[in-house]
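These notes concern the structure reproduced below.
The values are calculated or read from the model by the stated rules, or taken from the named source; none is laboratory data. Given the structure is predicted, the values throughout are model-derived calculations rather than measurements. Using ideal geometry, Cβ is built from the backbone for each residue, glycine included, and neighbour counts are taken over all protein chains shown.
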């Protein structure tokens, strides 16, 4: 059978970063996939060498708008690893609260987009409406909807006011109710079961071989979470459990993320209720020469920062490794062998800062046939519709 | 007023283009379409393909790889008339990425820009206000 | 294995290969090794000790190109960084893609940004930089100078 190459991207009408995938298909089956990055490369590692230690959190915050807590968190941990200082307890709690708030909004964002890719626009609209509530909470706690600018080496920049806490708790309690309803609606839907179970399976060995991270690996039964393995912040002071599932298909990844939102809400709530009093900044002195590593469990997996200091007020080297960098290559083992209609959701299932599914052109290698626009999502939506009809739920 | 422009202003379809941004502006653009802000009530809709778009929303600091694509998209693919909205500090002046080796030119040196919406990221309210201003200006100019 | 057992095993097993050993803190170990022994040590750590490959950081310290390979053993919360120093003029090192697939992207990235040659790396295409980027210019080298005379570094205000 003739092979067809489907280019996906680099620009996608929905959102997020440009990336370029090229799927090689034989008939309906994907036989090869290739990723091309670089549409988003801005040279942050080099820029960071020209900024002072206090300025770098603002730079790394702008690596990714969804993870605008994860990168500063890993960076300040790396700087604190160089200087070996301890952080006031209140600052640790505030950091945890902000990090978990970010995890909630990031997982909800992904859930909405996954609904959109499947043709469940109701899920998309509901979840994003719910996400606005958590953004309101973050606006009250930090002063901004995204880019919180709360982190500095040695502590946090901004305190949480006591009088805000009751409002925030009321707000996250109201989220739980709607989310419970959504959880039942999504996880018990027979169409979604038929659509998502058994596709895009990432086997446990592959997850280890690719060193996959975060929900992607936890859905494949690799129980690794930096918050449990190397506790920091207030994660060892509050009760929560790691969500691990075994099968590694797309449905399991949805389950892991949905259940993690509940865990994050409970972490956030118990941190707010037991917030200790005291200073919020350790007033770090000059950074000594040396090197340090900071890791933080971002919504997508472990974020890794390596900072080297020569005793001046700027880092001499700052290496950033985002979780998607390790998760993206796993698409080679999950997408190959799948149907084209499933490719959109499988590629989206690792929660990449993903973008490019819709603006694609299907073209034969001999260049005779060109189709434009939305084909992949249309195929995906059509498959869902067909399943709905078959199950008599139209 | 020409009939195409009149139709465009009644219900502008937008296409969103990220040229190396941090996602924040992109999410806020998307947020405008979801129930809290819901710009669809003004007829603004996210187009599925560049060839259906009237308004190009550009975010990000235009790195070398994507700026070539942006130029191509603007010159070859977008139907005319087309207005370009630059969203966020990065697409205005590249923000803190001005010294980056991979971001050589600001957006308005690559394609002509009609409206600038500053902010890092601009709030959804600011984006809506920017689009409204654009429509008013276009109405006044014809 | 406990932390102490891992440290003593590594030290005795590869005594001739280890140049420098730094026990920085409870969860951080830095180890400088000879470049030619990288693949055996990495395979041992990844397969036998069941470590997870975090990433590799390439550093240009003006005298050498240093590459740090970071591995985490999650069960005991230990992060081991293997440091190799290669010649700055002609940096060549073994590729680790045959040991684990996770090394593919980061090696391509370092090849582009620092100009390190990985022997045995199957994929030599560019990952991040654009096609107009001149050959042999590596932005993360300490002597990088702007090559593009058309670039505007002025806000115009």
Selected residue (only one of A:252, A:206 is in a helix (DSSP H, G or I) and without any contact (Cβ under 8 Å) to a residue 40 or more places away in the chain)
A:252
Kindly check whether there is at least one residue in region B:41-58 that is at pLDDT 85 or above, out of contact with any strand residue (DSSP E or B) (no Cβ under 7 Å at 6 or more places or on another chain) and within 26 Å of residue C:150 (Cα to Cα).
no
Among A:250, A:244, A:261, which is within 14 Å of chain C (Cβ to nearest Cβ) and in contact with a helix residue (DSSP H, G or I) (Cβ under 8 Å, 6 or more places away or on another chain)?
A:244
Going by what's in this entry, would residue A:44 be described as within 14 Å of another protein chain (Cβ to nearest Cβ) and either in contact (Cβ under 8 Å) with a residue 40 or more places away in the chain or in contact with a strand residue (DSSP E or B) (Cβ under 7 Å, 6 or more places away or on another chain) (or both)?
yes
Members of region A:272-306 that are within 14 Å of another protein chain (Cβ to nearest Cβ), part of a loop (DSSP other than H, G, I, E, B) and either out of contact with any strand residue (DSSP E or B) (no Cβ under 9 Å at 6 or more places or on another chain) or buried (at least 19 other Cβ atoms within 10 Å of the Cβ) (or both)
A:299, A:300
If the requirement is being part of a loop (DSSP other than H, G, I, E, B) and more than 14 Å from chain B (Cβ to nearest Cβ), which of these qualifies: C:124, C:145, C:85?
C:124
In region C:46-67, anything in contact (Cβ under 8 Å) with a residue 24 or more places away in the chain, under 19 Å from residue A:316 (Cα atoms) and buried (at least 20 other Cβ atoms within 10 Å of the Cβ) is listed as C:55, C:56, C:58, C:60, C:65, C:67
Out of region A:138-163, which residues are within 19 Å of the chain's Cα centre (by Cα) and part of a helix (DSSP H, G or I)?
A:138
From the options A:87, A:98, A:94, A:104, residue that is touching a strand residue (DSSP E or B) at 6+ places or on another chain (Cβ under 7 Å) and buried (at least 23 other Cβ atoms within 10 Å of the Cβ):
A:94
Residue among C:112, C:107 that alone is outside any loop (DSSP other than H, G, I, E, B), at pLDDT 85 or above and within 14 Å of chain B (Cβ to nearest Cβ):
C:112
Filter region B:107-117 for residues that are in contact (Cβ under 8 Å) with a residue 12 or more places away in the chain and either at the interface with chain C (Cβ under 9 Å from one of its Cβ atoms) or surrounded by fewer than 24 Cβ atoms within 10 Å (Cβ to Cβ) (or both) and give the result.
B:108, B:110, B:111, B:112, B:113, B:114, B:115, B:116
Go through region B:1-106 and tell me which helices (runs of 4 or more DSSP H), entirely inside it, have 2 or more residues that are more than 12 Å from chain A (Cβ to nearest Cβ) and under 14 Å from the mean Cα position of the chain (by Cα).
B:89-93
Taking residue A:171 as meeting all but one of (1) touching a residue at least 40 places away in the same chain (Cβ under 8 Å); (2) touching a helix residue (DSSP H, G or I) at 6+ places or on another chain (Cβ under 7 Å), write down the number of the exception.
(1)
In region A:36-67, how many are within 23 Å of residue A:107 (Cα to Cα), touching a helix residue (DSSP H, G or I) at 6+ places or on another chain (Cβ under 6 Å) and not in a helix (DSSP H, G or I)?
3
Pick from region C:127-142 the residues that are at pLDDT below 85 and at the interface with another protein chain (Cβ under 7 Å from one of its Cβ atoms): which of them is surrounded by the fewest Cβ atoms within 10 Å (Cβ to Cβ)?
C:132
Quick check on region C:70-85. Is at least one of its residues surrounded by 16 or more Cβ atoms within 10 Å (Cβ to Cβ), within 23 Å of residue C:105 (Cα to Cα), in contact with a helix residue (DSSP H, G or I) (Cβ under 6 Å, 6 or more places away or on another chain) and in contact (Cβ under 8 Å) with a residue 24 or more places away in the chain?
yes
